[in-house]
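The values are calculated or read from the model by the stated rules, or taken from the named source; none is laboratory data. Only a predicted model underlies this, so the values are computations on that prediction, with no experimental measurement involved. When the accessible area is computed, the model is the full protein with side chains, heavy atoms only, and any ligands, DNA or RNA have been set aside. Shrake-Rupley method; radii C 1.70, N 1.55, O 1.52, S 1.80 Å.
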Amino acid sequence: MAPAEPHALRFRALGEVPQFAEEREGWKGYIEWEKHPEKKKQVQEIMAKYDFPEPPEFQLVPLPKTNPVLTGERWKQYHDACGLSDMYKDSWDFVLKEKSADMTHVLQFPYNGEAPGVSGLKLSKDMKTLTAQDRLIKTELTDNKDHFVRNHGGVPDIDADKWTLDVDGLVNEPKRLTLAQLQDETLFPRQSNIVTLQCSGTRRIEQIHEYPGDGDELINAPWGEGAISTARWTGVSLKKVIKHCGGLRAGADNLEFHGADTYFKKGGVHNYLVSVPWRKVRANEVLLAWEMNGKPLPRIHGFPVRVVVFGYIGARSVKWLYKVRAIARPSTAPVQMKEYLYYTGQIGKQNAQYSNGFSIQDMPVSSAIISPTNMDQIVHDGKMTVRGWAYSGGGHWPVRVEVSGDGGAVWYEVPYQNLTTKYFHAWRLWSIDLPVDAEGWLELCVRTWDNAMNTQPTYVRSAWNWDLHVTSSAHRVKVYSINKSKPATAARLKQLGDKGVSILPITKPLEFDLETDEEYEESMTARGWRDPVE
């Protein structure tokens, strides 16, 4: 194969590059693949001709120190070969227009991005000032510009007036609905819910650092703690739409969602398809949403209409929805059948099958420390302010959050007053002034208990799985403690202050002697010097 990024060969077409016509007026970036097996076959034949770049190795070797961290050269060349280059160019334009300028870019294409700064910006030294990374936990609802993005392909640009939704399959009265009809409250009562969406790859970097796993062709993105966000979503319950279509026919037990984005998998091309069981829809926990925090959906988040599935893995909340299809069994499309699978620790490259992993749906209880960050050096007076998020999927909610300053031996409960509002389907933000006496390197960790008494595995190894999904173990960060309530530390900090020198970073040597000769003599005499008297 050709080299992997960032040294990928410039793309060279082998013969004439095809031009696949866009399907509908006003639907830029949408090509219907599922109805056209002949087009899918053509793409397979084209893809088989090329020596595409290797997937980048970023698990057994260090990640590149770039932003975007990974550029997705292999994926871009898939699009080049099929005449779809505009898709990745337009996708990046939407990132620049709709996301915060300091977004943490995990993967340029297909775009994956976390809330600003989560993967690395340092805190203010006094632990008081909210820095860029703290924006994720500053408010219960995440600003639309900071909301994480996990896309599987390019961003379609669809005219709302031209958009339609087909509801077909095992429904009694298949229909095509417009946005105006969906928003007509005489037909469909409006529903609004605060819902947290979380990528199953959240905190994947911890598994990668300790126990690497599957290097998927799409790139199992090295997410930090920011692949989770919360918004108020407004739209209509899918249950009401199904009722409007005469209900389900006998045997229908799943609803399959079709997204207008183009998705490649192992040399083939697809639209993005996944499914959820009818029981989830029947509980009014599947929303067809057109508003995000009181504003129209951003294009990068699925405009004009997307699915929001409460409490489930984010991959089920399909963006750029254009079809809902009632089916008997779960979807056999590749995202549902071949991805987002959870394997036991004994399964890996040597024996993995799609059938020996289970499909991830409900998100488990999890939490993360957002401040301080790993390797921070903190001056404090016996207490460190620690902040973060806690979440549990499937209609559960965090009841108790506990933080440890010694790696998990002694736990302190976060005061209930320091937890934000309880919601059935959303996170709770938390903070604690953690008692810290010790100095030097410490390991802070957090765990959450939900209302069903579920809590988190203690160590990453306990939750490791081949596809590196759902890092649900207690989150840990290493910090260097400088406790100014200690007399010797207070004296050293005063000494540094008098000289106008910072103690940070701790790795920078002091430019003056630690003691005078007289102080050394006095101290050593008191200690009895180095050697025994006889």
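How many angstrom lie between the C-alpha centres of segment 226-272 and segment 151-186?
11 Å
Please list 3J(HN,Hα) in residue order for segment 189-206, calculated via the Karplus relation 6.51 cos²θ - 1.76 cosθ + 1.60 where θ = phi - 60°; whole Hz, with x for glycine and proline.
x, 6, 10, 9, 9, 8, 9, 8, 10, 9, 6, 5, x, 3, 6, 4, 4, 5
Give the distance, in whole Å, between the Cα centre of segment 426-488 and the Cα centre of segment 304-343.
Between the Cα centre of segment 426-488 and that of segment 304-343, the gap is 32 Å.
Mind checking the angle between helix 487-499 and the chain's longest principal axis? C-alpha axes, 0 to 90 degrees, to the nearest 10.
Once rounded, one gets 80 degrees.
Which whole-number percent is the relative contact order of segment 34-116 (Cα, under 8 Å, 6+ apart)?
28 percent
For the chain, give me the percentage of DSSP beta bridges that are antiparallel, rounded to the nearest 5 percent.
Values: 80 of 91 bridges.
Around 90 percent of the beta bridges assigned by DSSP in the chain are antiparallel ones.
Across segment 9-88, how many lysine pairs, 8 or more apart or on two chains, come within less than 21 Å at their alpha-carbon atoms?
Value for segment 9-88: 11.
Kirkwood Rh over Cα pairs of segment 133-216 into Stokes-Einstein at 37 °C, 0.692 mPa s: D in µm²/s?
So the translational diffusion coefficient is about 185 µm²/s.
Grab the DSSP H runs of the chain that are 4 residues or longer, score each as -39,500 (n - 2.57), total them, divide by all residues and round the 222 nm result to the nearest 500 deg cm²/dmol.
Result for the chain, helices only: -4500 deg cm²/dmol.
In units of 2.2 N^0.38 Å, what is the alpha-carbon radius of gyration of segment 279-334?
Cα-based Rg divided by the globular estimate yields 1.18.
Per residue of segment 159-171, what does 6.51 cos²θ - 1.76 cosθ + 1.60 with θ = phi - 60° give for ³J(HN,Hα)? Whole Hz please, x for Gly and Pro, Karplus curve as stated.
6, 4, 6, 9, 6, 9, 10, 8, 10, 8, x, 7, 10
Per-residue HN-Hα couplings for segment 378-390, Karplus 6.51 cos²θ - 1.76 cosθ + 1.60 at θ = phi - 60°, whole Hz, x for Gly and Pro?
Residue by residue, segment 378-390 yields 10, 8, 8, 10, x, 9, 10, 7, 10, 10, x, 10, 9 Hz.
What span do the alpha-carbon atoms of segment 484-534 cover on each of the three principal axes, reported in whole Å from largest to smallest?
Principal-axis extents of the Cα atoms in segment 484-534, largest first: 45, 23, 20 Å.
Helix 517-527 sits at what angle to the longest principal axis of the chain, using alpha carbons and giving 0 to 90 degrees rounded to 10?
Its long axis makes an angle of about 90 degrees.
Report the relative contact order of segment 355-431, percent, no decimals, based on alpha-carbon pairs under 8 angstrom and at least 6 residues apart.
Relative contact order of segment 355-431: 30 percent.
For residue 72, which sequence-distant residues (separation of 5 or more, or a different chain) have an amide H within less than 5 Å of its own amide H, given hydrogens modelled in the peptide plane?
108, 109
Counting only protein heavy atoms, what percent of the accessible surface of the chain is carbon or sulfur at a 1.4 Å probe?
On the way: 12060 of 23980 Å².
Carbon with sulfur: 50 percent of the solvent-accessible area.
Where q = 0.05, 0.08, 0.12 Å⁻¹, what log10 of I(q)/I(0) comes from the Debye formula for the chain, counting one point per Cα?
The Debye formula, applied to the Cα set alone, gives -0.24, -0.57, -1.15.
Under 5 Å between amide H atoms, partner at least 5 residues away or on a different chain: which partners does residue 470 have, H built in plane at 1.01 Å?
The answer is 201, 202.
Below 8 Å, C-alpha to C-alpha, sequence gap of six or more: please give me the relative contact order for the chain in percent.
Relative contact order for the chain comes out at 13 percent.
If I fit a long axis through the Cα atoms of helix 85-98 and take the longest principal axis of the Cα atoms of the chain, what angle between them do I get, 0 to 90°, rounded to 10?
50 degrees
If you only keep lysine pairs separated by 8 or more in sequence, or across chains, how many in segment 152-307 come under 20 Å at the Cα atoms?
Working: 162/175; 162/295; 175/239; 175/240; 175/243; 239/280; 240/280; 243/280.
Counting lysine pairs in segment 152-307 gives 8.
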